[in-house]
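Notes follow the structure.
Every number here is computed from the coordinates shown, using simple stated rules; none is lab data. Just so we're clear, the structure is a prediction, and the values are computed from it rather than from any experiment. Cβ placement follows ideal geometry from the backbone for every residue including glycine, while neighbour counts extend to all protein chains displayed.
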2 protein chains.
Amino acid sequence: MTDIAPDRGRRQRRPTGDDRERAILATAERLLEERGLGDISVDDLARGAGISRPTFYFYFPSKEAGILTLLDRVAEEARAIRGRALERAGRDVPEIWRQGLVSILETFRQHQPLMLAVANMSSGNDEVRRLWGEIIDGFVADTVLGIDSELQRGVALEGIPARELAIALNWMTERVFHVALSGQEPAIAEHRALEVVLRIWSRAIYGDDGLGAGAGWSTLGG
Amino acid sequence: MTDIAPDRGRRQRRPTGDDRERAILATAERLLEERGLGDISVDDLARGAGISRPTFYFYFPSKEAGILTLLDRVAEEARAIRGRALERAGRDVPEIWRQGLVSILETFRQHQPLMLAVANMSSGNDEVRRLWGEIIDGFVADTVLGIDSELQRGVALEGIPARELAIALNWMTERVFHVALSGQEPAIAEHRALEVVLRIWSRAIYGDDGLGAGAGWSTLGG
DNA sequence: TGACATTGTCAACACTGTGTTGATAGGTTT
DNA sequence: AAACCTATCAACACAGTGTTGACAATGTCA
């Protein structure tokens, strides 16, 4: 047993054939734009990366483990996008809501096929479900902070525990963006999804639409 | 009504071996309680129903088609439950919301493993996605009627088109109940899910929690 | 009642995809 | 140059899908 970190679901690797690994992941994301994960074979991924099928197994123990690694990287990127967005928002809480939602939508847009594949896998694969849950949970934690802050200022409605409210709102957001982008019916048109979701957040937290029209609003500190 | 309608995805059948078909479906629902659809083979289904694998194909063209038939029947049952629930609610609109949500939760509870399998399949299988979408769309249509009625009475908030609001709320409900029952994280505890969702519906439609405490409320006609 | 269609059944096959083994070639270290 | 990694793949064993063709059992009506 080496002392390399137990790198979830992916075989431990050392520097060199790193290009190959990236080639495999790039192939995966490219092929996911054409068809579902179920219609992509290990052979497709291997050939796409210029290697034979058994060699694929040198890099990943399975197709799913590859997707997991991909999701890991996208999650990293998403955190970065979100971090910048929330920084832009500063202490203006409603702007935090808007920027938070924009960053989720952005990530969905940029990796739509992967997101679909992940949604697909997440009931069959514990590891993927856990990681996806962690991502959402990060959003939920941010949301709870915002709600608590608005509760303390006396501008948010009481009556629903902040975490439960945050969980429901974030799952709503995930699902609405998902159907808007995937064409699943019934869906909200893609260009309307952000506004509708934002207004519902506003009503659920404050009891009215403050955010929709860009009206001046509560700003923390100042 | 003839009894040999062009029955989506399932080979047309005439009376006799009907028991076999039901045995297959019963086996499917039973096995789904133990493991995911991906881990159930056609052979498992066939043996569970006391037939050989090729004979399975006499009844259904594939595993997925079987699940589709199952979903069809559950959808039928769900409509019946919902119909009775809404009848109980009469013209008391908030009670319509509550009863509508209760009936969704009820259906989820009674067929949880099937629901998981369906959620799993629905990104890979057009037919399942369509049928699932139709079910949700039925809920959405009911919801739109309720919102319009409350708008006309002047008690609901304007600002979000009724159908868009209804779509978002119904997908939220689907997702929140799904994670609550499946143990996916982050989730709202099963015994809290109904109340939280109901309050968010209330805030999103009216701007406050009328429904939570069981307070007396708008009753249409009467 | 006996020819005939219909319904139901399955052994055996062809095929696709997965994951493993064992052999091998090149590059580093010792 | 021997021991040792990293990387590679042909060949294999296996699991599951879907199809074919032959065969029984059950009407059915001439």
For this session: Label chain B by shape, choosing from rounded, prolate and oblate, from the square roots a ≥ b ≥ c of the eigenvalues of the Cα gyration tensor; if a/c is under 1.5 it is rounded, and otherwise prolate applies when a/b is larger than b/c, oblate when it is not.
Result: prolate
Exercise. Under a point-charge model restricted to the Cβ atoms of Lys and Arg (+1) and Asp and Glu (-1), what is the dipole moment magnitude of chain B relative to its Cα centre, in debye to the nearest 20?
Worked result: 440 debye
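For chain A, the longest stretch holding no GluC sites (Glu not before Pro) located in a DSSP loop with at most 11 other Cβ atoms within 10 Å is which?
Numbers: sites that count: A:E33, A:E34, A:E158.
Value returned for the longest uninterrupted segment is A:35-157.
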For this session: Take the alpha carbon gyration tensor of the protein assembly as shown, find the square roots of its eigenvalues, order them as a ≥ b ≥ c, and report rounded if a/c is under 1.5; if not, report prolate when a/b exceeds b/c, else oblate.
Result: oblate
Exercise. Measuring from a point 7 Å out along Cα→Cβ, what nm distances, shortest first, does A:D148 have to its partners in the other copies?
Worked result: 4.4
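Within 10 Å of each Cβ of A:34-43, how many other protein chain Cβ atoms are there on average?
1
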Problem set entry | Residues A:D72 and B:R22, FRET efficiency given R0 of 30 Å [Cβ-Cβ distance, rounded to 0.05] | 0.10
Problem set entry | Angle in degrees between helix B:190-206 and the longest Cα principal axis of chain B, rounded to the nearest 10 | 50 degrees
Problem set entry | Prolate/oblate/rounded label for segment A:84-140 (Cα gyration tensor, a/c 1.5) | prolate
For this session: Any chance you could give the angle, 0 to 90 degrees and rounded to 10, that helix B:63-89 forms with the longest Cα principal axis of chain B?
Result: 30 degrees
Problem set entry | Which of A:V102, A:Q152, A:A187, positive extreme of dipole for the protein assembly as shown (C-beta unit charges) | A:A187
Seminar exercise, completed: Inter-copy distances for A:Q112, label 7 Å out on the Cα-Cβ vector, sorted ascending, nm, one decimal, are 3.5
Exercise. Say each of A:E87 and A:E158 gets a label point 7 Å from the Cα, pointing the same way as Cα to Cβ; how far apart are those two points in nm?
Worked result: 3.8 nm
Exercise. To the nearest 10 degrees, how steep is helix B:112-121 against the longest Cα principal axis of chain B, on a 0 to 90 scale?
Worked result: 80 degrees
Problem set entry | Pairwise centroid distance, computed over Cα atoms, of segment B:112-150 with segment A:87-127, Å | 22 Å
Seminar exercise, completed: at B:R47 the sorted inter-copy label distances (label 7 Å from Cα on Cβ side), in nanometres, are 3.4
